[in-house]
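Structure, as structure tokens:
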Amino acid sequence: MFEEPVQLALSLPAVAITAGAVAAAAGLAWGGLSYCALWPASQAFGETLIAPKRPGEIALTYDDGPNPAWTPQLLDILARQNIKATFFLIGSYAARQAALVRQIAAAGHTIGNHSWHHPNLALTPAARVRNELVRTKATIEGITGKKVDLFRPPFGARRPEVLRIARSLGLTPVMWNSMTTDWSTTDPELIAKRLIAKIEKNWARGMAANVVLHDGSHETPEANRGPSITATKRIISRYKQTNKFVRIDEWLRHSANC
């Protein structure tokens, strides 16, 4: 008469272990997917351009512009130092700041696609992903008369379908290997210090440095980007005499990744 209860008691730990194993496996799977979708160095969902094996080179890149308050100041700094950079523009901002977009292009900087509204593309339906990229590409090309062939996913978030769509539009996906929280850090010296450490770490590994800073904000046009602008000056001052600043498109023929 004790057979059924005893059998049930014996089976409970197995059920508990099985449920725990499933939960652990699910957690690991989610963590793995998050890594593939968000970690800039991951190539698991598809190849992206990070940086070639060219230590001593720095690509200054700027996301979330154009911003009428901060982008002109940044352009003045870069012009005075004769440095060319890469700007990944939000399409809806570019449409409202066409004259500023033309100014960026006329100064010899490269302009890339940063989507229309800056959504998390890893979680965005494929049809909207395509619309975000097509609309931005067409808008910038219409303003500048120059082809847009670089794409940086907002937040770095991507999945295989996002990268396939980008490539079908002639866009090379671009990530980075040198970034800090310049969008929230108010101390420009700290921003510069953190980025310098990452730049030199990449050089020590035999790689060029692909640096991300922000001249705008996807959340609010009124965001203070003064710290990022000042940090740019610090980085240029440190490396201008001994190292080479390049645009991302100069690396397209040297697309070895981290």
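The values are calculated or read from the model by the stated rules, or taken from the named source; none is laboratory data. In this text, all values refer to a predicted model and were calculated from it rather than measured experimentally. In this analysis, Cβ positions are derived from the backbone assuming ideal geometry, glycine residues included, and neighbour counts consider all displayed protein chains.
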Residue by residue through the stretch 201-237, note down the ones that are over 16 Å from the mean Cα position of the chain (by Cα), surrounded by 15 or more Cβ atoms within 10 Å (Cβ to Cβ) and not aliphatic (A, V, I, L, M). Asn202, Trp203, Pro221, Arg225, Pro227, Thr230, Thr232, Lys233, Arg234
Check whether at least one residue in the stretch 167-181 is at pLDDT 95 or above and assigned to a helix (DSSP H, G or I), and report yes or no. yes
Residue set Ile104, Ile111; condition surrounded by 22 or more Cβ atoms within 10 Å (Cβ to Cβ), under 15 Å from the mean Cα position of the chain (by Cα) and modelled with pLDDT of 95 or more; output residue Ile111
With the structure loaded, tell me whether Ile58 is out of contact with any Asp or Glu (no Cβ under 9 Å at 6 or more places or on another chain), assigned to a loop (DSSP other than H, G, I, E, B) and buried (at least 16 other Cβ atoms within 10 Å of the Cβ) or whether it fails that test. no
Is it the case that Pro72 is over 21 Å from the mean Cα position of the chain (by Cα) and in a loop (DSSP other than H, G, I, E, B)? no
Since Lys146 meets every condition but one in (1) among the basic types (Lys, Arg); (2) under 30 Å from Trp203 (Cα atoms); (3) assigned to a loop (DSSP other than H, G, I, E, B), which condition does it not meet? (2)
Subset of the stretch 199-222, residues in a loop (DSSP other than H, G, I, E, B), out of contact with any Pro (no Cβ under 7 Å at 6 or more places or on another chain) and over 27 Å from Asn67 (Cβ atoms), comes to Arg205
Among what's in the stretch 111-124 and is out of contact with any Phe, Trp or Tyr (no Cβ under 7 Å at 6 or more places or on another chain) and either touching a residue at least 40 places away in the same chain (Cβ under 8 Å) or in a loop (DSSP other than H, G, I, E, B) (or both), pick the residue that is farthest from Asp63 (Cα to Cα). Thr124
If we ask which residues in the stretch 182-198 are among the hydrophobic types (A, V, I, L, M, F, W, C), over 23 Å from Leu38 (Cα atoms) and in a loop (DSSP other than H, G, I, E, B), their number turns out to be 0
